[in-house]
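Reviewing the structure listed below.
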Amino acid sequence: MSSLVKKSHQHAPWRQLLRRIYLVFTLLICLGLMGANPAMATSTSGDLLKTPAIEITVSLGNAANELKFEPSRLEFIAGKRYTIRLTNPSQLKHYFTAKDFADAIWTQKVQAGKVEIKGAIHELELQPGGVAEWVFVPLKSGNYSLRCSIAGHTEAGMIGAIAISN
Ligand SMILES: [Cu+2]
C-alpha cells in the first residue's frame, strides 16, 4: 500500500511535466490555426483590405415566393475581396448554406444591421425582408454547392453553384 502511494508520488512530477508540454503544444497549435487565415489574407495581398470590395447581390427567394437563388451561379477569383449582399425579398425564411465554400474563403466579417460578426461563417439564415453583407476573400479554387437548408427548399430547387478560380 505504502509503495503504491510512493510510486504515484514519484510519477506525479512526470505527469505534470507531460501535461504542461501537452498544454503548451495545444496552445501553439491553436494560435497557429487562429493566426493562419488572417495572416494569409493580409500578407499575400498587402493593401487588399483597403481596396473597395467587388459587390454582388444575391436574392434568397423572390417577391413571388419562388424557391430559388438569384443568381444561382456565383463566380469568384481567388485573392480578390468581395461583398455578397444577401437579401430576402420573399415572405419565407431562407438559408444560405455553402459549407465547403465557406471553408475555401477567409471571412473578414458579416454585417447585419448594426451587428458585425467576425470569424468563420458557414451558414446564414435570413428572415423575410432580411439583409446581410458578407465580406470575404476567396482562397481555394474549386466548385462548391449552395443550397437553402429549410425543409423542402433544396428539393424544390433552391440550389446554386459557386466557383472560385485562380
Ligand atoms: Cu429557402
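No lab work stands behind these numbers, since they all come straight from the coordinates. A quick note: this is a predicted structure, and the numbers were derived from the prediction, not measured. Note that we place each Cβ from the backbone using ideal geometry, even for glycine, and neighbour counts take in every protein chain shown.
Could you calculate the FRET efficiency of A151 with K109 from 1/(1 + (r/R0)^6), where r is the beta carbon distance between them and R0 is 22 Å, rounded to 0.05? Intermediate values should be presented prior to the final figure.
Values: r = 30 Å, r/R0 = 1.35.
Efficiency at R0 = 22 Å is approximately 0.15.
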_Summed side-chain charge close to E55 - residues other than E55 whose Cβ falls under 13 Å, Lys, Arg +1, Asp, Glu -1_ = +2
*Under a Cβ-Cβ cut-off of 9 Å, what is the net charge of the residues other than R85 that fall near it, where Lys and Arg count +1 and Asp and Glu count -1?*
-2
*Could you work out how far apart the two model spin labels at E55 and V131 are, taking each label as a point 7 Å from the Cα in the direction of the beta carbon, and quote it in nm?*
0.9
*Total formal charge among the other residues, if their Cβ is under 12 angstrom from that of H94, Lys/Arg +1 and Asp/Glu -1*: -1
*Hey, rough spin-label estimate for E66 and I117, points 7 angstrom out along Cα→Cβ, what's it come to in nanometres?*
2.8
*Which whole-number percent is the relative contact order of the range 42-112 (Cα, under 8 Å, 6+ apart)?*
34
*Do any of K50/K140; K118/K140; K93/K140; K68/K140; K50/K93 go past 23 Å between their Cα atoms, and which?*
K93/K140; K68/K140; K50/K93
